[in-house]
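Undergrad: To start, I am sharing the structure in question, which I have written as structure tokens.
The values are calculated or read from the model by the stated rules, or taken from the named source; none is laboratory data. Keep in mind that this is a model prediction, so the values were computed, not measured. Glycine also receives a Cβ, built like all others from the backbone with ideal geometry; neighbour counts cover every protein chain displayed. These accessible areas exclude ligands, DNA and RNA; they are computed on the full protein's heavy atoms, side chains included. Shrake-Rupley method; radii C 1.70, N 1.55, O 1.52, S 1.80 Å.
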Amino acid sequence: MRARYFAHVDMDAFYASVEVLDRPELSGLPVAVGGKPGERGVIAAASYAARTFGVHSAMPTAQALRLCPELILLPGRMARYQELSEQIMQILRDQCPAVEPLSLDEASLDLSGCARLHGVDEAVDGGHKGWTRFAQALQHRIHTETGLWASVGLGETRRIAKIASDHRKPAGVVVVVRGEGRDFLADLPIEKLRGVGPKMAERLRRQGFRRARDIASTPRTQLQQLFGKAGSALLDMVEARDLGGVHPDRREKSVGRETTFARDLVGMAALEPVLSRLSENVARRLRKRSLQGRVIQLKIRDRGFHTFTRRHSMTTPTDSAPRIRDEALRLLRAMQWEQVPVRLIGVTVSGLTESRAVQGELFATDEERRQPGIDRIVDAIHDRFGSNAFLRGRSLLATGVDRTPWGATLSPSGPGSGRLDSSERISQ
Amino acid sequence: MWLCPQWVSIGSLRLGMGSPVHPQRACLQREPHSRPKGQPVKIQVPQSDLARGLSAVANVVSNKTTLPILSTILFDAESDALTLAATDLDVSVVTHIYGAETGKTGRTAIPAAKFVPFIRTLGPDAVKLQCTNDKVKVGSGKARFEEATMDPANFPPLPKLTQDTSFEIEGAVLADMIRNTIYAISRDETRPALQGVFWELGADHFTMVATDGHRLTRTRRKLDLGVKNPRKLIASSAGLQQVLRLIDEAEKVTIYVGETQLSFEVGNTTVHTRLVEGSFPNYEQVIPKNNRNHIVCDRQTLADRVRRVKISADRVTNQIRFEFEGSVMNLTATGTEGSRAEDQLSVDYEGEPLVIGFNHNYVEDVLKHLESENIVIALDRADTAAIFVPAEGPIDDVTTSDDLCLLMPLRLND
């Protein structure tokens, strides 16, 4: 098998660094970008100075201010972040044609087969020196052109690359060449492994697992006994067996998207545009993966953290946003939640097939007939100009036109305005 | 105050569900709270008559209903007949038993869940029913059964026969027409009009059409039903299911068509259903007129091939690929896990080579319901609807066939 290589580029404290870049007087001070504490705001990014106080992203702002009362809290400036992000992505695209932006500040590069192009000789020390030079040059170029620091990780799989990029943050370069994956992962503390959260870490530590190598040296049966399926998955991970999607048995079971609101939303008028956007997003990802799904699931959480799901199986599979949205809306209406404040809402499509066969409709409206063509054009625009270049009218917020990117912190426009301040998770 | 507080709260909750309030449900809600006052009833019925009557009505009784009265069977004992009735508010079934001896006339509502199975197990001895105002006592030989009854005043008012339009039809013909269409209705609750069977009642013909938006079936009989004013309506499939269950093919069925209601008199039993509201799509418009390519094949052989090849088909799209070339029809199915199956059969075909995909479930439904030995598949292109008709009919213009099935293809993207 030909060597596969991936690079993971992750900007260091991106939003906070951009703020410091634009306002040098903030340099060295604890700076954070996030929502206001009174509005259930969370920290989107914290400068390294702020991190020494224990402030980190996704932490409630109120808690961050308790840890660091002198924290300089700034509202996000999405347009500016996006501008810089685009600049960075362009630099990456110059290096390699296969760039997959994962968010504004993160991207994955598929470098497979590009070794010679970048002057890397894999015969010499597995290409370690060559790839390191490449990664450092990339990091240097990003810094000279934007003034921002990135951490770069390289590895045989996307996951190893991502872990490597996180290994020596900030401004780190970590290259894990072919055959080194096992040793690299073996030395990682278990908390650094993907899929290991605080609870799992606690369970592992209680059983005497400290580093990944402790997992590697334990028989699969025993791990399964101790941790169930998660144990087996951990071993796969540690043995660097997980080749990021090239395994045919790693077929996706569902594609979903959910969002948590800064302030609970109430009523269909507020929720409908959100569902519309989620559906657009899910449909686009289905199309990107050449999948269609037959089962639509709606997930909704109330302010007491009670989570409800409702699903509907359609007779024919779809990858079209209007159909997903309409089903999701129907499920939502059937729940009779007009008066109930909603904290989180999500849409998932399952019952997936890779078959592209489309069942013809006897009584299709013109709009339905045109949909696949429209989808193709919209996808092309999104791929080229980003996910906000083009939005369905129904996806706009009821409170007004708001083109701030999905998943971003919006500047609040007064309490109860129903605007989004969302964090998002991808469930697959 | 027994069932009332709880009943009202459940009732109003259901009423708040956004769907339009059902007229009968609304009238139920207005019922004043009242104590049960079943009347003292005394009757003696041959077991077989009672069991038959219960079988006729018990099918529409639901145990999961939020309105407890709907889990009962209404007994109305009059001097000349015992009438049983049950309803789920969409479909009501009423049957008469004439062999009963009524000691005391009156009405009561008996919960069906235990009463019906108990009566079915009884031997041939006559069944004696005795009701006080809140209890029924059953005796047959040495067997005894007791059950609390409900107030018959709460039972929804039963629909009356409307005399606007009525006609008689052979049970066998009606059953055949219902069977040929009902399988193709839509399961999509968002398209209620497609969940029913469309009827066209003309001066000299009776047509039924059903579609789920992907396939369509039309069955037409030239009958002189004596219908003066042609009518178009959508019959509820739940009602038709009940009729199909009760039909004795040797007997005639009388159908009463009202403004909002459709009733079927089948022997001693009457099925009432509401007409489905909404408009049925213009089905004639989607039957293609130009069908250049005609394939004639043996129905059973094709059904066997489909049953074999579908084993490998994708589980979500159910796609089978059909290739017609010369006198061969080739069937292929490819699943996502690398599974593949193929077979062929010989057919009469003279057109250009053609490849078309279909959902195998739809094809199997069609082959099950066209009852001729050979069938004709007529189609124009791989992306237009294909017509399936019995080969006995007019082959030159298949669209005039009395039994016609239309299948939209699965667009093949491989």
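Undergrad: Can you tell which of B:Thr317, B:Thr273 is touching a Gly at 6+ places or on another chain (Cβ under 9 Å), buried (at least 20 other Cβ atoms within 10 Å of the Cβ) and away from every other protein chain (no Cβ under 14 Å)?
TA: One residue alone meets the criteria, B:Thr273.
Undergrad: Just wondering, is there one or more residues in the stretch B:161-179 that are within 14 Å of another protein chain (Cβ to nearest Cβ), among the hydrophobic types (A, V, I, L, M, F, W, C) and out of contact with any Pro (no Cβ under 7 Å at 6 or more places or on another chain)?
TA: no
Undergrad: Quick check on my filter: what residues within the stretch B:354-383 are open to solvent by less than 80 Å² (accessible area, probe 1.4 Å), part of a loop (DSSP other than H, G, I, E, B) and more than 14 Å from chain A (Cβ to nearest Cβ)?
TA: Those that are open to solvent by less than 80 Å² (accessible area, probe 1.4 Å), part of a loop (DSSP other than H, G, I, E, B) and more than 14 Å from chain A (Cβ to nearest Cβ): B:Leu370, B:Ser372.
Undergrad: Restricting to strands (runs of 3 or more DSSP E) lying wholly in the stretch B:60-112: which have 3 or more residues that are crowded, with 19+ Cβ neighbours inside 10 Å? Write out each step before concluding.
TA: On the way: elements: B:72-77, B:82-87, B:91-97, B:101-104, B:106-111.
Filter on the stretch B:60-112 gives B:72-77, B:82-87, B:91-97, B:106-111.
Undergrad: Right, here's the next one. Conditions first: (1) surrounded by fewer than 20 Cβ atoms within 10 Å (Cβ to Cβ); (2) in contact (Cβ under 8 Å) with a residue 12 or more places away in the chain. B:Met150 passes all but one, so which condition is the exception?
TA: Here B:Met150 clears every test but (1).
Undergrad: I want to confirm something. Restricting to the stretch A:303-319 and keeping residues that are within 24 Å of the chain's Cα centre (by Cα) and modelled with pLDDT under 90, which single residue is surrounded by the fewest Cβ atoms within 10 Å (Cβ to Cβ)?
TA: Filtering the stretch A:303-319 for residues that are within 24 Å of the chain's Cα centre (by Cα) and modelled with pLDDT under 90, the one surrounded by the fewest Cβ atoms within 10 Å (Cβ to Cβ) comes out as A:Phe305.
Undergrad: Here is a further query. From the list A:Asp121, A:Asp105, A:Asp94, A:Asp110, pick out the single residue that is touching a helix residue (DSSP H, G or I) at 6+ places or on another chain (Cβ under 7 Å) and within 27 Å of A:Tyr15 (Cα to Cα). Before you say what the answer is, go through the steps one by one.
TA: Values: A:Asp121 fails: within 27 Å of A:Tyr15 (Cα to Cα); A:Asp94 fails: touching a helix residue (DSSP H, G or I) at 6+ places or on another chain (Cβ under 7 Å); A:Asp110 fails: touching a helix residue (DSSP H, G or I) at 6+ places or on another chain (Cβ under 7 Å).
The unique qualifying residue is A:Asp105.
Undergrad: On the basis of being at pLDDT below 80, of a type outside the set (Val, Ile, Thr) and buried (at least 17 other Cβ atoms within 10 Å of the Cβ), does A:Asp249 make the cut?
TA: It is false that A:Asp249 is at pLDDT below 80, of a type outside the set (Val, Ile, Thr) and buried (at least 17 other Cβ atoms within 10 Å of the Cβ).
Undergrad: Could you please tell me which pairs satisfy a Cβ distance under 6 Å, a separation of 6+ or placement on different chains, a first residue in the stretch B:205-217 that is under 17 Å from B:Ala386 (Cβ atoms) and facing another protein chain (nearest Cβ under 8 Å), and a second residue that is part of a strand (DSSP E or B) and open to solvent by 10 Å² or more (accessible area, probe 1.4 Å)?
TA: What qualifies is B:His214/A:Gln359.
Undergrad: Check every one of the strands (runs of 3 or more DSSP E) wholly within the stretch A:22-115 and list those with 3 or more residues that are open to solvent by 40 Å² or more (accessible area, probe 1.4 Å).
TA: Fully inside the stretch A:22-115 and qualifying: A:99-103.
Undergrad: Separate question: Go over the candidates B:Asp343, B:Asp397, B:Asp402 one by one and state the one that is away from chain A (no Cβ under 14 Å), free of Cβ contacts under 8 Å to residues at least 12 places away in the same chain, of a type outside the set (Lys, Arg) and open to solvent by less than 70 Å² (accessible area, probe 1.4 Å).
TA: Among B:Asp343, B:Asp397, B:Asp402, only B:Asp397 is away from chain A (no Cβ under 14 Å), free of Cβ contacts under 8 Å to residues at least 12 places away in the same chain, of a type outside the set (Lys, Arg) and open to solvent by less than 70 Å² (accessible area, probe 1.4 Å).
Undergrad: Just to verify a result, which residue in the stretch A:206-219, among those that are surrounded by fewer than 14 Cβ atoms within 10 Å (Cβ to Cβ) and not polar (S, T, N, Q), is farthest from A:Thr157 (Cα to Cα)?
TA: Ranking the qualifying residues of the stretch A:206-219, first place goes to A:Arg206.
Undergrad: Output the residue which, of all residues in the stretch A:292-302 that are within 14 Å of chain B (Cβ to nearest Cβ) and either touching a Ser or Thr at 6+ places or on another chain (Cβ under 7 Å) or free of Cβ contacts under 8 Å to residues at least 12 places away in the same chain (or both), is surrounded by the most Cβ atoms within 10 Å (Cβ to Cβ).
TA: The residue in question is A:Gly293.
Undergrad: For the stretch A:340-356, give me the residue count where each residue is over 13 Å from A:Arg287 (Cβ atoms), in a strand (DSSP E or B) and within 14 Å of another protein chain (Cβ to nearest Cβ).
TA: 3
Undergrad: Continuing with this model, one more query. Residues in the stretch B:320-329 that are within 37 Å of the chain's Cα centre (by Cα) and surrounded by fewer than 17 Cβ atoms within 10 Å (Cβ to Cβ): how many?
TA: Matching residues across the stretch B:320-329 total 1.
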